[in-house]
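The values are calculated or read from the model by the stated rules, or taken from the named source; none is laboratory data. If you're wondering where the values come from, they're calculated on a predicted model, not measured in any experiment. Cβ placement follows ideal geometry from the backbone for every residue including glycine, while neighbour counts extend to all protein chains displayed.
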There are 2 protein chains.
Amino acid sequence: MYRNFSIVPKIMFGRGSFNQLAEVIAPERVTPGSYFVFVLDDIFIGKPLESRIPLEKGDLLLHVNVDDEPKTSYIDALVQQIKQYNEILPDGIVGIGGGSTMDIAKAISLLLKNPGSSADYQGWDLIEIPSVYHLAVPTLAGTGAEISRTTILTGPEKKLGINSDYTLYNQLILDPELIAGVPKDQWFYTGMDCYIHDVESLQGTFINEFSKSYGEKSLDLCRQVFLDDHPDKDDKLMMASYFGGMSIAYSQVGACHALSYGLSYVLGIHHGIGCCIAFDVLEDIYPDGVAEFRQMMKKHDIQLPKNITADLGNDALELMVTTALNLVPLWENCLGSDWKNLMTRERCKKLYLRM
Amino acid sequence: MYRNFSIVPKIMFGRGSFNQLAEVIAPERVTPGSYFVFVLDDIFIGKPLESRIPLEKGDLLLHVNVDDEPKTSYIDALVQQIKQYNEILPDGIVGIGGGSTMDIAKAISLLLKNPGSSADYQGWDLIEIPSVYHLAVPTLAGTGAEISRTTILTGPEKKLGINSDYTLYNQLILDPELIAGVPKDQWFYTGMDCYIHDVESLQGTFINEFSKSYGEKSLDLCRQVFLDDHPDKDDKLMMASYFGGMSIAYSQVGACHALSYGLSYVLGIHHGIGCCIAFDVLEDIYPDGVAEFRQMMKKHDIQLPKNITADLGNDALELMVTTALNLVPLWENCLGSDWKNLMTRERCKKLYLRM
């Protein structure tokens, strides 16, 4: 049985395409008295990008903070804020920022229509009511959040996505100019999120030709960006991220993403850097990928944090192991159906202790 | 100003995925008393594929003949046939076959909702009413018809597509098993349609990183299929076709496709073989591509028809030239804004006389 795979149905790509945002959303402004919500990473407060947002009368500019990765309680509070702002639902949500901001915008668009807390929907296909129209403008490239059918949230009990076809964006505007000003470390860690999930997807047991075509081209583009020097590297990284996301269609990520979830849940480490920290100890599982990754780190003079688990008590370490090993499909993709015998709690703990 | 590019929003890919057709269309069977129309290339009459079509009570199995490429008069007659079969509109159209059959199914789904003749809509964005739901099951790979926003028709006055976002399929089922039994010549010519439009797109002046990523991977897959030997070559060709179609998003085909249109309009030569005949005289414009194409022909022992324009009168030849040169965006993409000085009627005629 094959999955029937939904994809974002409308895409605009090009340098300066952000200037066409007003025109793209105009046909969606249909309800009298309604409005658009622009969800903006608060790092852009007072920056030129903020002043370029095509606000119309009644629109809401919602600054969000992503110092921590998105929590379900934060989503619930933002949804309440919008409902208090106007009793009419917005005609659309525009998410402008990196993976966390894009995930917040996705979650808001779902929770404005579906009752209860966002924590109620962490899992697979639990959303029943279609979301509000939502559009993404990535300002970072690599997470694949712009194309994925999930919004990854940290809830009271778990870090887990709201996976649903309704989570998918209705429209993307991919403007490579917007990722030009990202600080180097963040650019690298976010790009490596893409590189690593390509490696995990291509080396996984679930792969087929659909996912392989996307994954191989994404990997090729990552190499051009992080090993070569290209004047159009921002364009290439944006396409690498999109293709990397598409490669997950009939595939899965693997060991590194699972370990990164544990780091994030227990230590609050962001996903991109968490993936890098975890990947650096996975040479047994991904020997070629890890070697190439270290070459990329060297070229860009990246120093990973060390000894991050040194001061952790055993309970915290055990919780980290449990969080990682709960991600069954990731381990199955990585190590096959016999994964439980291959990745014991002991082995997993040893990996964490090396980070 | 960038184009806002629509894509087919749902895709199922995999060997044997045709078996899930009934389940995929089940949620679309919504109107009481309505039905589905299965548009099937008549080459499959009595073949195993025909008996695998999940017909339900009231459904219509519509055999279509594609010995000639689709004409607007043929579309109009088929639409009439469906309207006479049942005064209720079908809930969906399923096109099963190669590029011509897929184009027929697209055109039917548009014309069931839009009044008048299909010839009235040849051009760009002339369709105003959304089509009936339509789904494609390709049995040949290379045309990109499964993913394009056009259905190419030969009308009383011109060969030109109905280009519209409504033309796009709502769903694809890409089952590589279905292309296994294609006769070698047809397999080659259709695959070359893809190879050639990749070359034209990548070498064109319109290219950007979005189209380049798709075009380069499509070309890579074509090489794996036609120069190497792979057990999964059918999967690869199906992905090459899909990626080749996607590469046209922000790009265009070029000289070869333009010349092939002339061959088709005047001599009724099918598009795939027409592209091969035209490409073989275009070594001045696409030197590397033509050299590699000849290598592929040699490997698969393909003999192109020769002297096909030898017996043509001057009027017919002039009409061919006019047909080709009317395709302005193709020439602009190929030769830049100065194309009229570079591709004179005289030069174009000489190219035709070499075929």
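Which is more than 14 Å from chain A (Cβ to nearest Cβ), more than 26 Å from B:ILE179 (Cα to Cα) and modelled with pLDDT of 95 or more, of B:VAL94, B:VAL79?
Criteria check complete, one pass: B:VAL79.
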The range B:263-285, residues that are surrounded by fewer than 21 Cβ atoms within 10 Å (Cβ to Cβ) and either under 20 Å from B:ASP198 (Cα atoms) or not assigned by TED's automatic domain parsing to the domain that holds B:VAL253 (or both): B:ASP280, B:VAL281, B:GLU283, B:ASP284, B:ILE285
Residue check, A:ILE147 modelled with pLDDT under 95, in contact with a Gly (Cβ under 6 Å, 6 or more places away or on another chain) and surrounded by 21 or more Cβ atoms within 10 Å (Cβ to Cβ): no
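Table: residues versus (1) of a type outside the set (Ser, Thr, Tyr); (2) at pLDDT 95 or above; (3) in a helix (DSSP H, G or I).
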site	(1), (2), (3)
A:VAL182	yes, no, no
A:TYR189	no, yes, yes
A:TYR195	no, yes, yes
A:ASP198	yes, yes, yes
Only listed residue being modelled with pLDDT of 95 or more, in a loop (DSSP other than H, G, I, E, B) and assigned by TED's automatic domain parsing to the domain that holds B:ASP120, chosen from B:LEU89, B:LEU61: B:LEU89
Residues that are farther than 17 Å from B:TYR352 by Cβ, at pLDDT below 95 and aromatic (Phe, Trp, Tyr), drawn from the range B:240-294: B:TYR250
Candidate set from the range A:210-250 (those that are in contact with a Gly (Cβ under 6 Å, 6 or more places away or on another chain) and polar (S, T, N, Q)); member that is farthest from A:CYS276 (Cα to Cα): A:SER247
Counted residues, the range B:216-225 - those being surrounded by 24 or more Cβ atoms within 10 Å (Cβ to Cβ) and either without any contact (Cβ under 8 Å) to a residue 24 or more places away in the chain or within 18 Å of B:THR190 (Cβ to Cβ) (or both): 4
Residue within the range B:107-114 that is of a type outside the set (A, V, I, L, M), out of contact with any Leu (no Cβ under 6 Å at 6 or more places or on another chain), surrounded by fewer than 24 Cβ atoms within 10 Å (Cβ to Cβ) and modelled with pLDDT of 95 or more present: yes
Given (1) modelled with pLDDT of 95 or more; (2) touching a helix residue (DSSP H, G or I) at 6+ places or on another chain (Cβ under 8 Å), index of the condition A:ASP228 fails: (2)
Top-ranked residue of the range A:108-124 - restricted to ones that are free of Cβ contacts under 8 Å to residues at least 40 places away in the same chain and farther than 25 Å from A:LEU61 by Cβ, ranked as nearest to the chain's Cα centre (by Cα): A:ASP120
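Here's a check for you: in the range A:23-48, which residue that is touching a helix residue (DSSP H, G or I) at 6+ places or on another chain (Cβ under 7 Å) and not β-branched (Val, Ile, Thr) is surrounded by the fewest Cβ atoms within 10 Å (Cβ to Cβ)?
A:PHE44
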Leading residue by the ranking (farthest from the other protein chains (Cβ to nearest Cβ)) among those in the range B:1-29 that are under 24 Å from B:SER211 (Cα atoms) and without any contact (Cβ under 8 Å) to a residue 40 or more places away in the chain: B:MET1
Residues located in the range A:224-239, provided they are within 10 Å of another protein chain (Cβ to nearest Cβ) and among the hydrophobic types (A, V, I, L, M, F, W, C): A:LEU237, A:MET238, A:MET239
Which listed residue, of A:PHE38, A:PHE18, is part of a helix (DSSP H, G or I) and in contact with an Asp or Glu (Cβ under 9 Å, 6 or more places away or on another chain): A:PHE18
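Looking only at helices (runs of 4 or more DSSP H) that fall completely inside the range B:223-337, which ones have 2 or more residues that are at negative phi and within 15 Å of the chain's Cα centre (by Cα)?
B:233-247, B:255-267, B:271-279
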